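Chemist: Okay, here's the structure, questions in a sec.
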Amino acid sequence: MSFFNEDLYRGPLSTEKLGRRLTTLAETGSTNTYLGDTLKREEGTGLLVVAEHQSAGRGRFGRKWISPPGENLTFSFAWEIPQNLEQPGVVTLAVGLALAVTAKSFGVNASLKYPNDLLAHGKKLAGILTELKNESEKRWAVIGVGLNVNTRPDRFPDELNNLATSFYIEKGEEVKREMALALFMNNAEKRLDTLRRSGISALADEYRRHCSISGRTVTVMVDGSQVAGVADGIDDTGALMVTKEDGDMVAVIAGEVTFNR
């Protein structure tokens, strides 16, 4: 197993704050949990936790995230939510956009599946889990990311073979994980700074260009209720617009989206 090299990471890192305070772990239960506990003791600005293995890695709705040690990136970072951000869930959209831009910089033709997945050729390349924390009279987003970097096809469990992909599978060659993480943090800081200053509307057009959902027939689960119809992309508030069979258009925020065949 090739352990994460901090020097290789810091070389291309150009952020002002994001990802500057790095902790690397051989193993932890969940990087989101580890970082959430750290926030109780420390100022969160710039905190980044990278783990080679998560024994309890998870995605949205408690789903398990599986990643062979030393091959991919499993990490969490903290971002202070500004008081004027009324819908903290849009943080996930900004982070997803940064992931898409990073993937394309490596020649991987990836697209966003609203609200928290990155796909390549219809298979999952990355997932985001954003959790909100209140510490020291501040609101924090604890943002967990799993990015498949160097996993070969035969290294995924059988049940994921037709569902998951990686940079290696898409490119046919290895990618330096440290470079991928540094470029992602650079891209994330730019988008999150824009979100802080101007809100999600300032990122909406760029998000639409990287999102694969427009025109797809979808079912969206929102608070236990289903909305089915044709996705019309996101509006300037970050909501997914769906036209139902009866012609009515509804806006849904951060629902669980399923593509219908």
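Laboratory data are not the source of any read-out in this text; all were calculated from the coordinates shown. Nothing here was measured: the structure is a model prediction, and the numbers come from that model. Positions of Cβ are backbone-derived with ideal geometry, glycine not excepted, and every protein chain shown enters the neighbour counts.
Chemist: Given an 8 Å cut-off on Cα distances and at least 6 residues of separation, report the relative contact order of the chain as a percent.
Modeler: Contact order relative to length: 18 percent.
Chemist: Right, another one. Note the direction-averaged projected area, equal to a quarter of the hull surface, for the Cα convex hull of region 213-259, in nm².
Modeler: 2.9
Chemist: In Å, the Kirkwood hydrodynamic radius of the chain over pairs of distinct alpha carbons?
Modeler: Computed over the chain, the radius equals 18.6 Å.
Chemist: Roughly what % of DSSP beta bridges within region 6-209 run antiparallel, to the nearest 5?
Modeler: Expressed as a percentage, antiparallel bridges in region 6-209 total about 80.
Chemist: My understanding is that a pair violates if its Cα-Cα distance is over 27 Å; which of Lys133/Lys171; Lys17/Lys171; Lys124/Lys176 do that in this structure?
Modeler: Cα-Cα > 27 Å for Lys133/Lys171; Lys17/Lys171; rest within.
Chemist: Let me ask something else. Report the chymotrypsin sites (Phe, Trp or Tyr not before Pro) located in region 1-51 that are in a DSSP loop and have at most 12 other Cβ atoms inside 10 Å of their Cβ, or state none.
Modeler: The qualifying sites are Phe3.
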